[in-house]
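*Asks:* Please find one structure pasted underneath; my questions will follow.
The values are calculated or read from the model by the stated rules, or taken from the named source; none is laboratory data. Bear in mind the structure is a predicted one, so any value in this text is a computation, not a measurement. Heads up, the Cβs are rebuilt from the backbone with ideal geometry, glycines too, and the neighbour counts pull from every protein chain shown. To get the accessible areas, we keep the full protein, side chains included, count just its heavy atoms, and leave off ligands, DNA and RNA. Shrake-Rupley method; radii C 1.70, N 1.55, O 1.52, S 1.80 Å.
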Amino acid sequence: HGVNDILIELPAGFQQRNKSIEESALAELEEETGIKTSIEKLIPIGKIANAPTKSTHITYGFLARELVFNSEQNLDVTENIEIITRAPSATIEMIKSGEIWVGDTAALIMKAYLMFPEIFR
């Protein structure tokens with residue numbers, strides 16, 4: 001892949017045909033992590049333009065609540081995903097240290113931190 005490195009990212013994917021952005025986000029969350037929730041449990045964090053002068057790609061972020069961790073991953077052939085969990089406060093330190101350096105992941109975590117600081121205490 002592009003940067004030829006192992007990276008820490010939030011679950012992500014493209015909007016799926018005939019699905020809303022929220023429905024696509026739920027599908028990617030379950031496919032990549034085996035974690036389920038419902039549209040009603042998604043809180044929009046906002047959108048990120050990763051390279052607005054080079055691409056029309058927009059990343060939409062959500063904070064998901066009331067997660068159910070009992071499904072299995074259903075990865076695409078090109079995906080090799082290991083799930084890691086960290087306390088929200090630890091993710092801020094991981095961004096500071098450079099352990100998390102994917103732009104949209106870092107930006108959405110920081111946006112969530114600014115919007116919901118109580119989660120990161």
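*Asks:* If you count only protein heavy atoms with a 1.4 Å probe, what accessible area per residue comes out for the stretch 1-111, rounded to a whole Å²? If you can, show how the numbers build up before the last one.
*Replies:* Values: 7740 Å² over 111 residues.
Accessible area per residue: 70 Å².
*Asks:* Once ligands and nucleic acids are excluded and a 1.4 Å probe is used, how much of ARG86 is accessible, expressed in Å² to the nearest 10?
*Replies:* So the heavy atoms of ARG86 present about 130 Å² to solvent.
*Asks:* Pull out the extension gain between ARG86 and ALA49, defined as 0.36 nm times the separation in residues minus the alpha carbon to alpha carbon distance; nm, one decimal. Walk me through the numbers on the way to the answer.
*Replies:* Values: separation 37, 0.36 × 37 = 13.32 nm, distance 2.58 nm.
Additional length available on full extension: 10.7 nm.
*Asks:* Here is a follow-up. Rounded to the nearest 500, what is the chain's calculated 222 nm mean residue ellipticity when only DSSP H runs of at least 4 contribute -39500 (n - 2.57) each, over all residues?
*Replies:* Values: 3 runs with 36 residues, N = 121.
When only DSSP H runs of four or more count, the value is -9000 deg cm²/dmol.
*Asks:* Amide H to amide H under 5 Å from GLN16: which residues, 5+ apart in sequence or cross-chain, H placed 1.01 Å off N in plane?
*Replies:* So GLN16 has HN proximity to SER24.
*Asks:* Return the sequence-ordered ³J(HN,Hα) values of the stretch 3-19 in whole Hz as given by the Karplus equation 6.51 cos²θ - 1.76 cosθ + 1.60 applied to θ = phi - 60°, using x for Gly and Pro.
*Replies:* Whole-Hz 3J(HN,Hα) from phi for the stretch 3-19: 8, 6, 8, 8, 10, 9, 9, 6, x, 7, x, 8, 4, 8, 4, 6, 10.
*Asks:* Under the classification rounded if a/c is under 1.5, otherwise prolate if a/b is larger than b/c and oblate if not, where does the stretch 16-75 fall, given a ≥ b ≥ c as square roots of the Cα gyration tensor eigenvalues?
*Replies:* Values: a/c = 2.26, a/b = 1.73, b/c = 1.31.
Prolate shape, in that a/c is at least 1.5 and a/b is the bigger ratio.
*Asks:* Label 7 Å along Cα→Cβ of GLN16; the stretch 70-110 residues with amide nitrogen under 17 Å?
*Replies:* Those under the cut-off are 70-79.
*Asks:* Shifting gears a bit: Excluding residues on the same chain fewer than 8 positions from LYS19, give the aspartates and glutamates whose Cα lies under 14 Å from its Cα.
*Replies:* Here the aspartates and glutamates satisfying the reach criterion relative to LYS19 are GLU28.
*Asks:* Might you report the magnitude of the Cβ-based charge dipole of the chain about its Cα centre, with Lys and Arg at +1 and Asp and Glu at -1, to the nearest 20 debye? Walk me through the numbers on the way to the answer.
*Replies:* Details: 11 positive and 18 negative charges, 107 e Å.
Using only the charged Cβ atoms, the result is roughly 520 debye.
*Asks:* Related question: From the square roots a ≥ b ≥ c of the eigenvalues of the alpha-carbon gyration tensor of the chain, which class results: rounded (a/c under 1.5), prolate (a/b over b/c), or oblate?
*Replies:* Rounded, since a/c falls under 1.5.
*Asks:* Nearest 0.05, what FRET efficiency do PHE116 and ASN4 give at R0 = 25 Å with Cβ-Cβ as r? Working shown, then result.
*Replies:* Details: r = 34 Å, r/R0 = 1.37.
Result of the calculation: an efficiency of 0.15.
*Asks:* Of the accessible area of the stretch 55-109, with the probe set at 1.4 angstrom, what percent is carbon plus sulfur?
*Replies:* On the way: 1960 of 3840 Å².
C and S atoms contribute 51 percent here.
*Asks:* With a 1.4 Å probe and all protein chains in place, put PHE120, PHE14 in order of accessible area, largest first.
*Replies:* Values: PHE120 30, PHE14 150 Å².
Solvent-accessible surface, decreasing: PHE14, PHE120.
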